[in-house]
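Notes follow once the structure below has been shown.
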Amino acid sequence: MILIEHGPDGEPALFDRPREVILAWRPGEVASALARAEAARAAGAWLAGYVAYEAGYALEPKLRRSMPRRRPGPLVALGVFEGPLDAGAMLARAAEEGRSTFMTAPEPMVGRRAYGTAARKVFDYIAAGDCYQVNLTFPMAGTLVSGSALGLYGAFRRTGAVGHGAFVDLGVGPVVVSRSPELFFRLDRGGKITARPMKGTAPRDADPAKDAAIAAALQASVKDRAENLMIVDLLRNDISRLAKVGSVRVPTLFAVERYATVHQMTSTVEGELAEPPTLPGLMAALFPCGSVTGAPKIRAMEIIREVEPFARGVYCGAVGWMSPDGRADFSVAIRTLSVTGQDIVMNVGGGLTHGSTVAGEWEEALWKARFVKAAVSRD
């Protein structure tokens with residue numbers, strides 16, 4: 001069962017009782033899994049599910065040797081469905097279960113000192129000219145004290161809309177609870193592709209005046225604008241691999257959006273596809289999203305593999321759906337938990353650039369974990 005808030009026509013959608021679940025557990029299975037899913041879609045089926053971050057190492061020949069051996073779930077998990085259903089009853093069930101669902105406060109699985117060592121390695125690579133931004137992340141662990149994974153999803157929804165929330169339970173691998181605000185890509189019937197990368201984050205404040213000042217400071221921040229622009233340029237390049245010449249544009253740059261716990265700087269990149277879309281073609285050109293790798297993408301992913309001791313799994317991958325007529329909507333799987341039994345793993349991180357500091361990036365990463373407070377037990 002899959003609940004997706006960014007369903008067709010922008011409404012929540014339920015994908016239930018798949019007629020097939022397509023999985024890739026090993027790197028060599030990724031391409032064939034995407035091809036099988038595309039064949040089912042071409043035959044009239046809907047697809048919904050996720051592609052894990054590490055699938056990106058399998059999709060790029062230069063990165064295949066970097067694939068981590070230990071991974072927390074499948075590289076691809078896609079259900080094949082007859083079509084979307086109304087999500088109202090399942091959302092009501094999630095809200096009801098959310099009232100009695102609690103988890104422990106998540107704790108970093110990487111110490112502050114180890115994070116600093118990794119960050120300084122990244123800074124050395126930036127200074128040497130290997131790259132100009134690397135997205136450094138780390139996992140946090142918690143425990144489900146009571147209730148269910150669906151209840152976590154319902155509890156988090158109480159804090160407000162994020163636009164790209166999702167719940168994925170295909171019966172294999174971890175259950176995915178995502179409260180992502182970030183669009184990876186959206187396709188409409190006419191072949192228009194839209195991406196909305198997010199880079200630049202600041203915490204919310206309960207005082208309205210202070211909160212407005214924080215948002216204004218983020219809007220004006222030279223560092224955050226530079227960080228955002230690097231990823232906009234990367235996505236313009238990625239989308240241009242699929243788009244008609246001259247059709248790629250940036251209608252919105254450096255917009256600051258407000259969410260329950262953070263302010264987020266967001267830009268929009270658009271293009272017109274040159275050919276009818278296919279899932280394998282989209283993923284080969286775009287995945288993973290540049291906002292969760294850094295730039296240039298391939299070198300950043302090599303550095304991430306070197307400095308991050310844990311595989312990311314679905315975190316920083318993509319969650320979404322694709323229809324038989326070519327429409328699609330996939331989020332970037334940030335603000336995302338993987339639930340296995342009572343064990344919960346969530347990840348946080350941010351883009352490191354020449355202007356970053358270890359202390360500032362560590363603090364920003366922890367801000368991003370605040371969204372789980374709605375379900376944290378106070379006992």
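Can you pull out the residues in the stretch 336-357 that are of a type in the set (S, T, N, Q), part of a strand (DSSP E or B) and open to solvent by 60 Å² or more (accessible area, probe 1.4 Å)?
Hit for the stretch 336-357 is T340, nothing else.
Of the residues S331, S291, only one is assigned to a helix (DSSP H, G or I) and open to solvent by less than 10 Å² (accessible area, probe 1.4 Å); which?
After ruling out the rest, the residue left standing is S291.
Test R41 against the criterion of being over 29 Å from A161 (Cβ atoms) and not acidic (D, E), and give yes or no.
When the stated conditions are applied, R41 does not pass them.
On the basis of being out of contact with any Leu (no Cβ under 7 Å at 6 or more places or on another chain), among the aliphatic types (A, V, I, L, M), crowded, with 23+ Cβ neighbours inside 10 Å and at pLDDT 95 or above, does V176 make the cut?
Here the answer is yes, as V176 does meet what is asked.
Surrounded by 19 or more Cβ atoms within 10 Å (Cβ to Cβ) and charged (D, E, K, R), is that true of D325?
Answer is no for this residue.
State yes or no: is A284 closer than 28 Å to A369 by Cβ and surrounded by fewer than 17 Cβ atoms within 10 Å (Cβ to Cβ)?
It is false that A284 is closer than 28 Å to A369 by Cβ and surrounded by fewer than 17 Cβ atoms within 10 Å (Cβ to Cβ).
Any chance the stretch 195-207 includes a residue that's charged (D, E, K, R), buried (at least 20 other Cβ atoms within 10 Å of the Cβ) and assigned to a strand (DSSP E or B)?
There is at least one residue in the stretch 195-207 that is charged (D, E, K, R), buried (at least 20 other Cβ atoms within 10 Å of the Cβ) and assigned to a strand (DSSP E or B).
Taking the stated definitions as given, is A114 surrounded by fewer than 16 Cβ atoms within 10 Å (Cβ to Cβ) and either in contact with a Lys or Arg (Cβ under 9 Å, 6 or more places away or on another chain) or modelled with pLDDT of 95 or more (or both)?
Spelling it out, A114 is indeed surrounded by fewer than 16 Cβ atoms within 10 Å (Cβ to Cβ) and either in contact with a Lys or Arg (Cβ under 9 Å, 6 or more places away or on another chain) or modelled with pLDDT of 95 or more (or both).
So which strands (runs of 3 or more DSSP E) are wholly in the stretch 1-114 and hold at least 1 residues that are at positive phi?
46-51
Considering every residue within the stretch 229-241, establish whether at least one is modelled with pLDDT under 90, among the aliphatic types (A, V, I, L, M) and open to solvent by less than 30 Å² (accessible area, probe 1.4 Å).
Looking through the stretch 229-241, at least one residue is modelled with pLDDT under 90, among the aliphatic types (A, V, I, L, M) and open to solvent by less than 30 Å² (accessible area, probe 1.4 Å).
Does any residue in the stretch 35-64 that is closer than 27 Å to S180 by Cα and open to solvent by 20 Å² or more (accessible area, probe 1.4 Å) come within less than 7 Å, Cβ to Cβ, of a residue that is of a type in the set (A, V, I, L, M, F, W, C) and assigned to a helix (DSSP H, G or I) six or more places away or on a different chain, and which pairs are these?
E38/L279; L59/V30; L59/M283; L59/A284; E60/I298
I'm trying to understand the selection: among the residues of the stretch 270-280, which are outside any loop (DSSP other than H, G, I, E, B) and open to solvent by 30 Å² or more (accessible area, probe 1.4 Å)?
E272, P280
The values are calculated or read from the model by the stated rules, or taken from the named source; none is laboratory data. All values derive from a computational prediction rather than experimental measurement. Here Cβ is always computed from backbone atoms with ideal geometry, including for glycine, and neighbour counts include all displayed protein chains. With ligands, DNA and RNA removed, areas are computed over all heavy atoms of the protein, side chains included. Shrake-Rupley method; radii C 1.70, N 1.55, O 1.52, S 1.80 Å.
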